[in-house]
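Everything below concerns the one structure shown next.
The numbers here are math on the coordinates, done by the rules we state, and not lab data. Since the model is a prediction, treat every value here as computed from it, not as a measurement. All Cβ positions, glycine included, derive from the backbone under ideal geometry; neighbour counts span all protein chains shown.
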Amino acid sequence: MRNIPTFFVAAAVMATSAIAFSAPAAAQEKVRVGANPVSASLPLYYGVEKGIFKAEGLDLELTQIIGPPANLAALIAGQIDVSSNLTTIDAANGNLKKPGAAIFIAINSQNKEYKMEQFVVRKGIEAKTLADLKGKRIASAPGPGNVVMAKAVLKKAGLNEGDYTLDQLDLTQHVNALTAGTFDAAYTLEPAATILASSGAARTLEAGLIATYVLGDDKANGWAAGTAMSGEFIKTHPEAAKKFASAWNKSIKAIAADLPEARKAMSKSIAMSPEVAAAVPMVKFTMAADLTPANVAEFQKFIDFTTETGILSAKVDVTKMLQKF
């Protein structure tokens with residue numbers, strides 16, 4: 001199998017890298033997957049490595065697509081069938097414009113225990129709280145979902161726009177930008193935060209931001225991203241969609257059964273040493289079929305927040321964004 005291109009690549013969309021398997025007796029069905037190179041894509045990387053998708057009769061064609069906007073655009077354009085990790089805000093916005101643009105088969109909980117989004121500060125910045133980011137140059141993971149959260153969290157900390165500068169920057173560039181001192185801080189995601197910490201270039205100021213500042217409880221489930229299929233793919237290829245969801249569920253369970261071993265797959269697919277990969281925190285992977293009513297209520301509260309802040313133009317029913325297999 002050819003490795004997915006490394007994390008440190010500036011291009012948003014890399015050349016397609018097909019996963020070649022030996023031909024089975026029965027023809028395998030091709031599924032085009034946008035591989036977003038963040039730690040939350042681990043079920044994809046590990047599932048491919050362990051042959052879980054192959055066992056379901058699927059031939060995955062992977063294209064590295066960095067960031068939610070590019071992943072959503074590829075889903076809408078029919079260039080991919082599945083995004084390994086798409087923010088729920090971007091998906092909700094896409095569904096308002098084109099119903100069925102992005103439907104989640106699984107979503108991920110993130111909070112102070114299941115770390116993903118966090119503010120980091122570069123070496124030499126003595127900030128102790130988010131309020132200390134006043135006057136700082138801040139990079140944000142790209143896409144409306146990330147930018148909105150970054151600004152919302154800073155506002156909760158007492159900072160208004162104008163108290164800082166914030167610019168979108170591909171996650172692939174966060175390590176170099178903070179190391180070079182181009183930015184003082186970043187609203188970043190994993191594994192960039194762990195890579196920065198391991199190099200000594202930056203440290204985490206605070207994690208679990210969505211749960212703490214949007215949901216009001218650092219132990220709450222921030223359902224901020226997940227694995228999404230296009231509604232068109234689900235409609236036209238129902239059996240392949242079902243098989244992919246089954247494989248994703250099996251991969252999640254395999255990760256839970258042996259997380260240290262699963263993390264090794266991340267170091268092979270996203271450029272980092274095995275030692276750094278072993279330290280990367282994980283989100284809580286959850287299939288849509290396994291969400292409780294309380295989980296769905298948290299998800300709705302999170303999406304309602306974006307409507308109330310004017311990011312989404314209309315209220316979104318999150319149950320219409322979920323597909324249970």
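To check you understand DSSP bridge types, tell me what percent of the beta bridges within the stretch 118-207 (both residues inside) are antiparallel, rounded to 5.
Beta bridges within the stretch 118-207, antiparallel portion: roughly 55 percent.
Full-extension gain between K268 and K324, please, as 0.36 nm times their residue separation minus the C-alpha to C-alpha distance. Could you put the intermediate results ahead of the total?
Working: separation 56, 0.36 × 56 = 20.16 nm, distance 3.07 nm.
Here the answer is 17.1 nm.
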(message) Could you compute the net charge surrounding V33? Neighbours are other residues with a C-beta less than 9 Å from the C-beta of V33; K and R count +1, D and E count -1.
(response) -1
(message) Using amide H atoms built in the peptide plane, which far-off residues or other-chain residues are under 5 Å from Y114 H to H?
(response) none
(request) Taking the Cβ of P142 as the centre, find all other residues whose Cβ is under 12 Å away and add up their charges (Lys, Arg: +1; Asp, Glu: -1). (result) -3
(message) Could you tell me the relative contact order of the stretch 93-190? Use alpha-carbon pairs under 8 Å, at least six residues apart, and round to a whole percent.
(response) 38 percent
(message) For a test of the definition: using alpha carbon positions, the gyration tensor, and the 1.5 limit on a/c, classify the stretch 189-325 as rounded, prolate or oblate.
(response) oblate
(message) Report, in listed order, any pair from K98/K156; K112/K151; K112/K134; K50/K235; K54/K243 with a Cα-Cα distance greater than 21 Å.
(response) K98/K156; K112/K134; K50/K235
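Could you calculate, for the stretch 43-179, the ratio of the Cα radius of gyration to the Kirkwood radius, expressed as Rg to Rh?
With Rg and the Kirkwood Rh in hand, the quotient comes to 1.03.
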(message) With a cut-off of 8 Å between alpha carbons and a minimum separation of six or more residues, what is the relative contact order of the stretch 134-195 in percent?
(response) 48 percent
(request) Report the calculated FRET efficiency for A297 and K123 (r = Cβ-Cβ distance, R0 = 45 Å), to the nearest 0.05. (result) 0.65
(message) 7 Å from Cα along Cα→Cβ at both K30 and E113: what's the point-to-point distance in nm?
(response) 4.3 nm
(request) Could you please report the charge total around E113, scoring K, R as +1 and D, E as -1 over all other residues with beta-carbon less than 9 angstrom from its beta-carbon? (result) +3
(message) Quick query: amide H of L322 versus all other amide H atoms, modeled in the peptide plane; which residues come in under 5 Å with a sequence gap of 5 or more or a different chain?
(response) F104
(message) Under the rule of at least 5 residues apart or a separate chain, name every residue whose amide H is placed under 5 Å from the amide H of D217.
(response) T212
(request) Provide the three semi-axes, in whole Å and in decreasing order, of the ellipsoid equivalent to the chain as defined by the square roots of 5 times the Cα gyration tensor eigenvalues. (result) 31, 23, 17
(request) Tally the DSSP beta bridges in the chain and give the antiparallel ones as a percent, rounded to 5. (result) 60 percent
(request) Please turn the phi angles of the stretch 226-231 into ³J(HN,Hα) values with the Karplus equation 6.51 cos²θ - 1.76 cosθ + 1.60 (θ = phi - 60°), one per residue in order, whole Hz, x for glycine and proline. (result) x, 9, 10, 10, 6, x
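What percent do you get for the relative contact order of the chain when only Cα pairs under 8 Å and 6+ apart count?
Worked out over the chain, it gives 26 percent.
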